[in-house]
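Visitor: My questions all concern the structure below.
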Amino acid sequence: MNSKKPIEVNINFDWRVLLIAMAILAVLFIAYIRTGAQESEQLDVNSPQAQPVSSEPEPEPEVISPGEPPGPGMVPTTNGEWIPEEQLGSLAELTPDNVMLASSGGATNFYLTDANYATDKALTACASGYHMASLWEILDVSNLTYDYNHPAAHTKTDSGSGPPSYWYGWARTGWNSSTSATAGTGNCSTWTSTSGANSTVAVRLSRTWETAPGDIFTWDATSYACTFTGPVWCVRD
């Protein structure tokens, strides 16, 4: 009778394989926990995850930069002019002693300065009783009263009692401090920079009323380098 021989099994176990497997399992577990937390967390409408994603690439913004000055001491304006630097608007001309505010008649007054201002002077360009307007304060001009009698206000031949069209002016964006070339985002670092490497926005009322499909649109916005000067949109405090 043959006696049974014990069977010997040799198992070679590599601890490195076990560590790799444990690391993979840990990563999968963490990902599962995070996914569950994101699904249960209510996103804020202003969170980056909640923003719509456009299927079309955003076009590169066009920034208007000044060309060569026609002479020394000349600065460009947003409205295509070159003016002597000494002709830039001065707040000293708009003191409470020589500014008479028009009656609003129940509507908020606003005006566009006749003088041009460097971007770092825009916040202090408006007369007493007025402040530099955000576009959102003056967006609906039909609910506002243009202060055409104001000594600092810009008017045109056919302005009547309303604001002038097709004349750019600085306006606040409602956005954070930015030097972006995107109109509505850039603001010369909250109106402190005059660098040509930075950008801001100027807005004007349209004079083109027959744009397709024939609807009248109100505002035209363009991005400018911060070396430009321009009028300022002002609104009653």
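Visitor: Give me the number: length gained by fully extending E81 to S206, i.e. 0.36 nm times residue separation minus the C-alpha to C-alpha distance, one decimal in nm.
Guide: Fully extending the segment from E81 to S206 adds 43.1 nm.
Visitor: Output needed for region 150-197: three equivalent-ellipsoid semi-axes, defined as square roots of 5 times the C-alpha gyration tensor eigenvalues, in descending order, whole Å.
Guide: Working: eigenvalues 164, 25, 20 Å².
Equivalent ellipsoid of region 150-197: 29, 11, 10 Å, largest first.
Visitor: Related question: Given H placed on each backbone N at 1.01 Å, which residues far from N187 in sequence or on other chains put an amide H within less than 5 Å of it?
Guide: S178, T179, S180
Visitor: Assuming R0 = 30 Å, what is the FRET efficiency of A107 and E68, from their Cβ-Cβ distance, to the nearest 0.05?
Guide: 0.10
Visitor: Still on this structure: Using label points projected 7 Å from each Cα along Cα→Cβ, tell me how many nm separate L123 and D237, to one decimal.
Guide: The modelled label-to-label distance comes out at 1.6 nm.
Any read-out appearing in this document is the output of simple, stated calculations on the displayed coordinates, not a laboratory observation. Since this is a predicted model, take the numbers as computed values, not measurements. Don't worry about glycine lacking a Cβ; one is built from the backbone with ideal geometry, like all the others, and counts go over all protein chains shown.
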